[in-house]
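No lab work stands behind these numbers, since they all come straight from the coordinates. What you see is a predicted model; the values in this text were computed from it and never measured. All Cβ positions, even for glycine, are placed from backbone atoms using ideal geometry, and neighbour counts span all protein chains on display.
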Amino acid sequence: MILLSDPQVADVPVRDCGEPLVEIASAPAIALDPRERDEEGAYGRVRAGVLDRLCAASEKLPDGIGFLVVEGHRSSAEQARRFALYEDRLRGSGITEAAELRRRASAFVSPVEVAPHCAGAALDLTLVDDDGVELDMGGAVNGHRTGDEKYCPMDAPGLTDRARRNRALLARAMGDAGFVNYPTEWWHWSYGDRYWALMTKAGSAPYGPA
Ligand SMILES: [Zn+2]
């Protein structure tokens, strides 16, 4: 498994195409959840091409099921704050070696320089029914923050059949639209960032920090 801290990710060149960040709320088919809302409203924006692909993925979902986006863009300052916070948590659990701290933290929080959310390229999202009720995915979005790390990986063992089916539905819709999943977080999908470029062998990333 390639983590975001892997030097191969930072080695991918960025050739930013200059596409603007757009409001996810401008797409009526996509629901936006306020739980990660920030003052500037960055959480509710992604690159235009990312939103286009999300809308295409949404059309492929079965009737009565839609996407609920929890977070899109994130500022570099906010990303750095979260990385430091998570390292502190790990330190508190007895990990003291700097390289090990960085490696463990980047399983769940990306180092700023390669952060897919900072590029406006990533979406944290789940599936909801017509009433806006989240489908059973076998664990919460951002489950690593609540100590529920066991079920964060897409291929986590011990999931119920229903959770596994719902994850497969999410993976099919997003994968067909060109997104790449970060395997330690079932809810995290990106298009056009360095990690995506490495995984798809695109050669360069069209989206850098925005
Ligand atoms: Zn994410």
Check: Using mean Cβ contacts within 10 Å as the protection proxy, how do 165-176, 63-74 order, highest first?
Finding: 63-74, 165-176
Note to self: Which residue, Gly44, Pro116, Leu21, has the largest displacement toward the positive end of the dipole of segment 16-130 when charges sit on each Cβ (Lys, Arg +1; Asp, Glu -1)?
What the structure shows: Pro116
Margin query: Under a Cβ-only charge scheme (Lys and Arg +1, Asp and Glu -1), can you give me the dipole magnitude of segment 105-210 about the Cα centre, in debye to the nearest 20?
Written below: 380 debye
Notebook entry, point to check: What is the percent of Cα-Cα separations in segment 86-210 that go past 19 Å?
Noted result: 53 percent
Check: Can you list the equivalent-ellipsoid semi-axes of the chain, largest first and in whole Å, using the square root of 5 times each Cα gyration tensor eigenvalue?
Finding: 25, 21, 16
Check: Highest mean first, what order results for 118-125, 46-53 on Cβ atoms within 10 Å?
Finding: 118-125, 46-53
